[in-house]
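Colleague: Pasting a structure here, questions to come.
The values are calculated or read from the model by the stated rules, or taken from the named source; none is laboratory data. A quick note: this is a predicted structure, and the numbers were derived from the prediction, not measured. Glycine also receives a Cβ, built like all others from the backbone with ideal geometry; neighbour counts cover every protein chain displayed.
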């Protein structure tokens with residue numbers, strides 16, 4: 001798959017077409033059935049979430065990390081230790097309902113899987129953190145007539161490691177990961193204003209137009225997701241990204257972690273507007 | 001003192017007049033010197049904070065409690081275990097710079113003091129939580145021509161226990177505490193809108209005009225702070241309050257805790273506008 005969308009994916013139950021009109025329940029059912037694709041553009045109007053699971057011994061330090069870094073890590077929910085059942089999506093199971101997961105050991109991604117039930121069974125003290133995702137404000141941007149290039153092209157959003165330091169917390173330290181969208185100059189203000197209404201899903205951009213000042217040398221080769229599409233005159237606009245916890249895992253090397261694969265989010269039942277200020 | 005303001009307070013260094021024009025540094029210096037009074041109306045433009053300290057063994061559960069209850073418990077800062085030095089106020093010391101503290105044992109307030117240096121010395125693993133305060137949006141309300149009755153009268157804000165359940169987290173459970181301001185009907189919308197821009201300091205009200213529906217039987221006798229002043233036609237408007245952690249302490253009975261005394265806040269150096277969306 002490697003980040004490219006399948007508009008039609010085959011599940012055990014037959015053909016599933018996922019798009020803006022798909023309900024969160026149907027989308028999660030498709031992922032549970034084996035569909036693997038990024039979730040941008042799916043289930044319009046419902047908040048999506050980044051996910052990281054850590055053993056209980058790391059949970060306080062990580063919770064503190066999110067508190068100290070609310071731009072990249074705005075928490076939507078923290079599950080009780082050992083519980084796989086999010087309250088933000090009734091009837092869901094965090095072990096099966098994300099399209100693609102990454103397994104981490106000592107800060108290295110050791111596997112990519114579409115179901116973590118068997119891995120979970122070997123770890124009885126995992127704490128699951130759900131973190132807001134910028135996909136939530138992409139529909140409002142499009143509603144305001146601001147094109148979102150990667151959705152138009154059926155791709156995953158481009159994401160980059162940066163030189164922006166996060167505030168450390170206990171054993172966790174990291175630089176910030178950002179997502180990028182190309183915006184025409186006369187719409188930058190609107191894009192800032194509209195995304196700013198959603199602080200629980202990263203809010204307004206962290207930087208506009210100067211990738212080299214935040215340590216991004218080559219826009220064409222993102223560290224996560226798909227290469228960007230920039231149209232004539234587009235300015236690169238950068239938002240804090242919920243993949244930052246994965247950079248924190250790489251930098252801080254907890255002995256075990258599970259995350260979503262970048263762009264492959266958990267789709268909640270919570271209307272986007274719940275997180276609007 | 002019992003909640004009433006002293007406009008002029010005597011410190012060891014002489015007479016100190018605290019008001020809107022006082023800097024956060026001067027206000028903290030006065031409190032460090034022994035001045036005891038509520039902090040509403042002081043140091044215009046700088047965020048004030050509720051405070052709770054807990055032994056490390058309770059810190060994860062409480063941090064989770066704040067994450068699950070962001071309306072009453074929006075975190076501004078969590079200090080490292082054993083550190084009394086907030087980064088939100090350079091040069092400050094959390095053991096001396098709050099006007100009045102409460103000491104709690106097994107869920108009961110056992111003492112009220114203006115300096116906790118000696119108590120702190122006997123507890124080497126305290127974690128300090130600073131939580132946003134509605135005093136932050138009172139100046140913007142007044143700037144918009146909405147009178148804030150308790151400030152006009154030189155009183156502490158009235159606060160009430162309610163029947164609104166907080167989401168439990170580990171060993172912490174609580175009902176929500178709210179602050180109340182009387183607002184004329186034609187300004188309620190503005191008061192909601194303006195406070196809503198400040199989600200990090202409780203944001204928009206949790207209820208308008210029907211105290212009996214949230215378990216408040218007698219507006220004239222608040223559970224914390226001073227009795228309210230309601231002018232002809234005022235509607236009672238209720239905001240989530242950072243005294244909620246004290247209700248959580250009473251309900252959950254950690255063996256030890258220290259909080260600020262209601263209305264007697266920690267004044268930070270962070271401009272209010274930092275927390276505006």
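Colleague: Is there a residue in region B:139-146 that is in contact (Cβ under 8 Å) with a residue 60 or more places away in the chain and assigned by TED's automatic domain parsing to the domain that holds residue B:184?
Modeller: Yes, region B:139-146 has at least one match.
Colleague: Test each condition in (1) on the phi > 0 side of the Ramachandran plot; (2) within 14 Å of chain B (Cβ to nearest Cβ) for residue A:125 and report the one that comes out false.
Modeller: (1)
Colleague: Could you list all residues from region B:241-277 that are part of a helix (DSSP H, G or I), farther than 28 Å from residue B:108 by Cα and more than 14 Å from chain A (Cβ to nearest Cβ)?
Modeller: Within region B:241-277, just B:272 meets the criteria.
Colleague: Determine, yes or no, whether residue A:120 is in a strand (DSSP E or B), more than 14 Å from every other protein chain (Cβ to nearest Cβ) and buried (at least 18 other Cβ atoms within 10 Å of the Cβ).
Modeller: Against the criterion (in a strand (DSSP E or B), more than 14 Å from every other protein chain (Cβ to nearest Cβ) and buried (at least 18 other Cβ atoms within 10 Å of the Cβ)), residue A:120 does not qualify.
Colleague: Here are some residues: A:217, A:223. Which one is free of Cβ contacts under 8 Å to residues at least 40 places away in the same chain and either out of contact with any helix residue (DSSP H, G or I) (no Cβ under 7 Å at 6 or more places or on another chain) or on the phi > 0 side of the Ramachandran plot (or both)?
Modeller: Only one candidate qualifies: A:217.
Colleague: Right, another one. Quick test of your reading of the structure: residue A:217 fulfils all but one of (1) assigned to a loop (DSSP other than H, G, I, E, B); (2) within 14 Å of chain B (Cβ to nearest Cβ); (3) over 30 Å from residue A:21 (Cα atoms). Name the failing condition by number.
Modeller: (2) is the only condition that residue A:217 fails.
Colleague: Go through region A:96-133 and report how many residues are under 22 Å from residue A:25 (Cβ atoms) and within 17 Å of the chain's Cα centre (by Cα).
Modeller: 12
Colleague: If I ask for residues that are farther than 16 Å from residue B:98 by Cα and in a loop (DSSP other than H, G, I, E, B), which ones from region B:123-136 would you list?
Modeller: Those that are farther than 16 Å from residue B:98 by Cα and in a loop (DSSP other than H, G, I, E, B): B:123, B:124, B:125, B:134.
Colleague: Continuing with the same structure: Return a yes/no flag: does region B:157-170 have any residue that is over 18 Å from residue B:242 (Cα atoms), in contact (Cβ under 8 Å) with a residue 12 or more places away in the chain and within 14 Å of another protein chain (Cβ to nearest Cβ).
Modeller: yes
Colleague: On the given criteria, is residue B:75 within 14 Å of chain A (Cβ to nearest Cβ), in contact with a strand residue (DSSP E or B) (Cβ under 7 Å, 6 or more places away or on another chain) and surrounded by 19 or more Cβ atoms within 10 Å (Cβ to Cβ)?
Modeller: For residue B:75, the condition - within 14 Å of chain A (Cβ to nearest Cβ), in contact with a strand residue (DSSP E or B) (Cβ under 7 Å, 6 or more places away or on another chain) and surrounded by 19 or more Cβ atoms within 10 Å (Cβ to Cβ) - is met.
Colleague: For residues that are under 20 Å from residue B:179 (Cα atoms), outside any loop (DSSP other than H, G, I, E, B) and in contact with a helix residue (DSSP H, G or I) (Cβ under 6 Å, 6 or more places away or on another chain), tally how many sit in region B:61-86.
Modeller: 1
Colleague: In region B:153-175, is there at least one residue being in contact with a strand residue (DSSP E or B) (Cβ under 6 Å, 6 or more places away or on another chain), surrounded by fewer than 16 Cβ atoms within 10 Å (Cβ to Cβ) and part of a loop (DSSP other than H, G, I, E, B)?
Modeller: No; the residues of region B:153-175 include none that is in contact with a strand residue (DSSP E or B) (Cβ under 6 Å, 6 or more places away or on another chain), surrounded by fewer than 16 Cβ atoms within 10 Å (Cβ to Cβ) and part of a loop (DSSP other than H, G, I, E, B).
Colleague: Here are some conditions: (1) under 17 Å from residue B:222 (Cβ atoms); (2) surrounded by fewer than 20 Cβ atoms within 10 Å (Cβ to Cβ); (3) at pLDDT 95 or above. Residue B:106 meets all but one. Which one does it not meet?
Modeller: The one condition residue B:106 does not meet is (1).
Colleague: Something else now. Could you check, for region B:201-213, whether at least one of its residues is modelled with pLDDT under 95 and in a helix (DSSP H, G or I)?
Modeller: Yes, some residue in region B:201-213 is modelled with pLDDT under 95 and in a helix (DSSP H, G or I).
Colleague: Name every residue in region A:176-205 that is more than 14 Å from chain B (Cβ to nearest Cβ) and surrounded by fewer than 19 Cβ atoms within 10 Å (Cβ to Cβ), in order of residue number.
Modeller: Result: A:184, A:185, A:186, A:187, A:188, A:189, A:190.
Colleague: For residue B:80, are the conditions met, namely being within 11 Å of chain A (Cβ to nearest Cβ) and within 29 Å of residue B:171 (Cβ to Cβ)? Quick ask: steps written out before the conclusion?
Modeller: Details: within 11 Å of chain A (Cβ to nearest Cβ): yes; within 29 Å of residue B:171 (Cβ to Cβ): yes.
Answer is yes for this residue.
Colleague: Checking the structure you have, find out if any residue of region A:73-90 is without any contact (Cβ under 8 Å) to a residue 12 or more places away in the chain and under 20 Å from the mean Cα position of the chain (by Cα).
Modeller: Yes, region A:73-90 has at least one match.
Listed here are the residues, each with its yes/no results for (1) within 14 Å of residue B:259 (Cβ to Cβ); (2) within 11 Å of another protein chain (Cβ to nearest Cβ).
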| position | (1), (2) |
| --- | --- |
| B:55 | yes, no |
| B:60 | no, yes |
| B:97 | no, no |
| B:100 | yes, no |
| B:108 | yes, no |
| B:114 | yes, no |
